[in-house]
Amino acid sequence: MMEKGEEEAEKDKGNGNQNGSSSISDRLAELSGNMEEINRVKRKYPMKITRYYLDLIKGKDDPIWKQAVPAVEEVEDDFNQEDPLQEEEHTPVPYLVHKYPDRVLLLVSSMCAMYCRFCTRKRKVGRIQQIPLEDIYKAIDYIKEHKEVRDVVVSGGDPLMRADNEIEEILRRLREIPHLDIIRIGTRMPCVQPARITPHLVNVLKKYHPLFMNIHFNHPNEITPESSAALKLLADGGIPLGSQTVLLRGVNDSPQVMMELMQKLIKNRVKPYYIYQCDLVKGVDHFRTSVETGIEIMRSIQGFTSGLCLPHFVIDGPGGKVPISPQYIKDITPDQIIITNFMNNLYSYPGIKKGDDRQLFNKHIHRIGIAFNLKKTLDKNDRFDKYAEFDDLDTINAIRVALEKAGYEVVLLEADKDFIYSLKDSSIDFVFNIAEGIHGESRESHVPAILEMFNIPYSGSGVLTQAITLNKSRKKEILDYYHIKTPRWQVFKNTNQKLDANLHFPLMVKPDAEGSSVGITNDSLVHDIASLKKQVSKILKDYDQPALVEEFLTGREFTVSLLGNPPKVLPIVEVNFDHLPANIHKFDSWEAKWIFDNPNSPVDPIICPADLKPKLKAQIEKVAKLTFEKLGCVDIARIDIRLDNDGNPHVLDVNALPGLMPDPKMNSRFPRSCYAAGMTYDQIIQTILNSALKRYNLLLDPIKERTKQRTEGNGKPHQDVPVHVEVAPLKAAPPQVP
Ligand SMILES: *Cc1c(COP(=O)(O)O)cnc(C)c1O
Ligand code: SF4
């Protein structure tokens with residue numbers, strides 16, 4: 001058989017003008033009309049076609065022709081390499097490729113029944129003498145000595161080019177090796193010479209189970225009654241059959257052809273195994289398609305036919321096969337994975353509720369403290385709005401629940417005078433900060449300052465931003481500096497100060513450093529010097545701080561919620577004053593916020609999303625983002641904006657600790673914006689947290705972490721990525737499918 005193989009190869013390299021092959025040449029000449037090119041190419045790359053396969057050709061350049069008949073492009077390719085898979089470098093003994101730890105490729109024949117024009121081992125097949133059996137036995141000895149090898153792929157050329165008794169001897173020696181679990185044979189015979197699959201051969205093969213066979217079909221026209229009969233013989237012999245297909249331009253690079261092929265294979269009890277992206281083999285370049293073509297084919301088959309018909313699409317290279325898949329994962333967060341199905345519809349799958357998954361995403365953060373100031377009952381002598389900015393238990397609890405759902409342990413830390421002591425004892429890793437501060441002109445910056453002293457990371461803006469955003473006039477100076485419009489203003493430190501000639505009534509009088517409309521009442525809007533003086537003196541006395549006097553803008557009022565870094569602008573809120581009684585001015589006063597808007601009131605003072613012309617909306621968003629950035633806000637902020645007479649947005653205020661009341665009826669503006677964007681309360685809190693963790697580099701990339709875990713989990717020491725990686729050009733399909 002060996003000698004006969006050589007003879008055939010020799011014969012085909014020549015004119016092929018002898019014996020049975022003369023009719024092959026005649027038929028080819030008849031189809032091509034011109035043998036000159038074919039003859040020129042086959043001097044470099046041998047040609048051999050079985051009579052059976054030739055008869056499948058329906059016309060010149062059809063998919064069968066292209067696979068079998070030499071084309072001039074083969075000798076014009078000076079782009080690709082002879083051995084792109086670098087098999088020679090992974091060859092410890094002749095005729096054995098050891099690339100994976102547990103698998104080897106054993107080459108037992110240098111010949112094939114037909115020489116595929118796209119063959120990855122084009123450099124070898126049909127060009128060397130048949131492989132000596134002695135060399136094959138030496139390679140088998142190598143397997144015997146390497147106990148880690150549990151799977152051998154018997155390949156070539158085509159192993160079935162050898163005589164049955166030779167095949168039997170090779171299989172017998174392999175089966176004697178105790179650590180060898182499975183034997184696979186790669187062959188193209190059922191496709192190109194089905195008559196080679198005889199009952200005698202099958203009787204030989206089935207003695208050496210578990211024995212698998214990988215066959216090689218590239219086009220539905222290759223599945224004929226003859227090949228079906230051959231496959232039936234093999235399948236009836238209990239040999240599990242898998243198919244390998246090379247993606248070839250002009251042969252099978254369309255979803256329809258590929259799906260038909262896969263369906264015909266499975267009907268013949270062949271499980272589609274691999275589709276190979278074409279290797280970068282010299283002489284094969286004209287067969288290459290883009291990788292996207294393969295991805296598109298996979299996308300078009302998935303979902304439209306049985307999962308049984310789905311192979312893996314792989315790119316082969318010096319580093320082994322790499323599966324390439326359409327992208328079905330759109331996003332992964334600790335909360336959920338967003339996926340698309342075959343129809344491109346989006347679905348989400350939730351994360352694991354408690355604990356476990358957090359470990360994966362975040363190794364450093366286990367316990368989170370919530371720093372807050374709890375609303376107290378007013379004492380007799382307390383100012384009515386003393387605790388307006390503080391949070392109620394409902395809010396603190398809702399935040400706690402959201403963090404717990406994300407898998408963290410939560411500790412409540414009231415930011416009072418005992419804060420430092422509770423912090424020291426709490427062994428927390430992170431603080432979710434909503435504390436407004438209890439004393440002092442920069443009180444909102446105190447908790448951040450203390451946390452920085454303890455080197456504990458926290459959510460929300462830092463010391464400087466918290467201090468500045470609480471101080472309205474400082475904040476306006478910065479806005480001015482960056483040419484962000486804000487109403488003209490003047491600070492009054494006593495009642496004797498003269499009103500700046502540039503300021504025009506009506507004017508608003510506010511405490512310079514308060515939030516939540518504290519100190520802004522219906523009386524804050526003044527129309528003359530007398531009431532201005534009265535209001536300024538009230539602020540100085542009641543709020544123990546300078547008064548900010550600014551021009552009153554007559555346009556619509558908005559508040560803009562920003563979340564993340566850089567921030568996303570959430571749906572804009574318009575504050576609606578239409579429901580206020582005639583004697584109440586139309587601005588966001590204490591009365592408007594807390595008296596005429598309460599959970600029992602029938603009117604909703606919040607319009608979200610605000611009805612805005614696209615141009616104005618874009619203007620407002622731009623101003624809000626610029627303000628966020630220039631004031632150094634992070635994670636979360638709410639920016640109040642009002643239009644002047646001409647419709648220009650002015651920044652009224654920046655709130656780096658916006659209220660987070662969960663109950664939508666409470667009209668807490670930041671959550672209302674988020675709800676309008678489709679978020680849940682838990683998502684709001686978790687987004688703030690994750691934005692902060694990301695800033696501190698504490699949010700680990702879930703995909704990287706999974707990969708790391710996998711590598712660490714295989715019992716081998718985890719190898720770091722080498723600093724310098726030699727970038728090897730990738731190759732395509734392996735030839736081990738003879
Ligand atoms: C493809 C291949 C194998 C077998 O790999 P599987 O993915 O298990 O089919 C073994 N060795 C080499 C060199 C190969 O190219
Ligand atoms: S692809 Fe397989 S059957 Fe075709 S020539 Fe190469 S080794 Fe032989």
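The values are calculated or read from the model by the stated rules, or taken from the named source; none is laboratory data. A quick note: this is a predicted structure, and the numbers were derived from the prediction, not measured. With ideal geometry, Cβ positions are generated from the backbone for all residues, glycine too; neighbour counts draw on all protein chains shown.
Quick notes on this one:
- Scanning the range 126-157 for residues that are within 16 Å of ligand 1 (Cβ to nearest atom) and touching a Pro at 6+ places or on another chain (Cβ under 8 Å) returns A139, Y142, E148, S155, G156, G157.
- Among residues of the range 175-193, those that are among the basic types (K, R) and crowded, with 19+ Cβ neighbours inside 10 Å, counted: 2
- Selection over the range 544-598 of residues that are of a type in the set (S, T, N, Q) and crowded, with 22+ Cβ neighbours inside 10 Å gives a count of 3.
- Condition met for I143 (modelled with pLDDT of 95 or more and more than 39 Å from the chain's Cα centre (by Cα)): yes
- When S300, S290, S325 are checked against the criterion of being at pLDDT 95 or above and either more than 23 Å from G242 (Cα to Cα) or polar (S, T, N, Q) (or both), S290 stands alone in meeting it.
- Residues in the range 116-130 that are under 21 Å from Q86 (Cα atoms) and either under 42 Å from the mean Cα position of the chain (by Cα) or surrounded by fewer than 21 Cβ atoms within 10 Å (Cβ to Cβ) (or both): C116, R117, F118, C119, T120, R121, K122, R123, K124, V125, R127, I128.
- Residues satisfying the criterion are absent from the range 88-99 (criterion: within 12 Å of ligand 2 (Cβ to nearest atom), modelled with pLDDT of 95 or more and under 22 Å from K321 (Cβ atoms)).
- Screening the range 167-270 for strands (runs of 3 or more DSSP E) wholly inside it with 2 or more residues that are away from ligand 2 (no atom under 16 Å from the Cβ) returns the ranges 182-187, 211-216.
- Any hit, the range 173-185, residues being under 16 Å from M47 (Cα atoms), away from ligand 1 (no atom under 16 Å from the Cβ) and modelled with pLDDT of 95 or more: no
- V257 meets the conditions (1) touching a helix residue (DSSP H, G or I) at 6+ places or on another chain (Cβ under 7 Å); (2) farther than 30 Å from V75 by Cα in every case but one. The failed one is (2).
- For the range 450-473, the set of residues classified as surrounded by fewer than 17 Cβ atoms within 10 Å (Cβ to Cβ) and free of Cβ contacts under 8 Å to residues at least 24 places away in the same chain consists of E452, M453, N455, listed by residue number.
- Helices (runs of 4 or more DSSP H) within the range 15-126 that include 1 or more residues polar (S, T, N, Q): 21-32, 36-44, 63-68
Residues are listed down the side, and each one gets a yes or a no for (1) outside the structural domain of L247 (by TED's automatic domain parsing); (2) of a type in the set (D, E):
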site	(1), (2)
E296	no, yes
S300	no, no
F304	no, no
P311	no, no
I315	no, no
I338	yes, no
N344	yes, no
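- Which listed residue is surrounded by fewer than 19 Cβ atoms within 10 Å (Cβ to Cβ) and of a type in the set (F, W, Y), from F505, F492: F505
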